[in-house]
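Everything below concerns the one structure shown next.
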Amino acid sequence: MAARERHSDAPASYPPLDVLKPFAEDVWIVDSGPMIASGLSLPIRMTVVRLSGRALLLHSPTPFTPALAAALSELGTVTHLVAPNIAHWTRIAGWQRACPDAIVWGAPGLAERAQVKRGDLRVDRDLSADAPPEWADTIEQGAITGAAGFSEIWFFHRPSRTLILTDIVQQMEPERLPPLTALIARLSGGAKGTTPRYLRPVLRLGAGMRDTFAHLVALAPERVVFAHGTPFTADATARLRDALAWSGVAGSDLPD
């Protein structure tokens, strides 16, 4: 089955791919993929934020291409490469080789992972629940923690009111996916604009999960972007509240 997924004709992506797409003022997205994870074909997305001094922050980088690097150079200088959780780091090495002066920021625990130590990725600094001086004037951030060392760092771009997530919300249209991936997306909730069910037990065991989610909703984002699927660009705060309602943040559970 995994082999059929790998060679499926279904796109598992959001074309056009590997090109900059304006998303908000000083915010762009880059869709790519598919990436193969546990035999499933998943669309992936990078978010690019331009900071003061034309410094560029690449969140959850997609594969490096010379054409994409050239397009980014017209916006500014690639200065920060961000791995927001322990899964979204595998494409950073290519950018690091091309932009050796860029700082690589890793989610808590990423640098200690055996895969990272065996690879050619250099993690320069750890992310935390507090924004570093490099972007604190523009971006608020925090940590979503769970069991078994799970953590995801969220980012809120204040000028555009854009909330940048990674995996805790997903909205992958089944018609864009190969058959097995589409089935798993439907069953897990990854097709419904909510937190996949396989992550919910992990998050429930984390400290302060409901307070964190309530804070994300209270930020009142005008748009929410994440790594897998169609972002929320209309009624974003209400849709975020619905996406996280299973946690009790909205006072009621989502229907199963």
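Only the coordinates and a few stated rules stand behind these numbers; no lab work does. Since the structure is predicted, the reported quantities are computational estimates derived from the model, not experimental observations. Methodologically, a virtual Cβ is constructed for each residue, glycine included, from the backbone with ideal geometry; neighbour enumeration extends over all protein chains shown.
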Theoretical ellipticity at 222 nm over the chain - DSSP helices of four or more residues, -39500 (n - 2.57) apiece, nearest 500 | -6000 deg cm²/dmol
What is the Cα centroid distance between the range 184-256 and the range 68-120, reported in whole angstrom?
-> 26 Å
List the residues whose amide H sits under 5 Å from the amide H of D126, counting only those 5 or more places along or on another chain, with H placed 1.01 Å from N in the peptide plane.
-> G106
The chain: relative contact order from alpha carbon pairs under 8 Å, six or more residues apart, as a whole percent, is 15 percent
For the range 45-129, calculate the relative contact order in percent as a whole number, restricting contacts to Cα pairs under 8 Å that are 6 or more residues apart.
-> 24 percent
Just the Cα atoms of the range 186-228, one point each, no solvent: what log10 I(q)/I(0) does Debye give at q = 0.19, 0.25 Å⁻¹?
-> -0.74, -1.06
When DSSP beta bridges are limited to those with both residues in the range 2-245, what percentage is antiparallel, rounded to the nearest 5?
-> 65 percent
Shape category assigned to the range 118-256 from the gyration tensor of Cα positions, a/c cut at 1.5 | rounded
State the percent of C-alpha pairs, over all pairs in the chain, separated by a distance greater than 31 angstrom.
-> 19 percent
Hand me the chymotrypsin sites (Phe, Trp or Tyr not before Pro) from the range 140-237 located in a DSSP loop with no more than 14 other Cβ atoms within 10 Å, in residue order please.
-> Y198
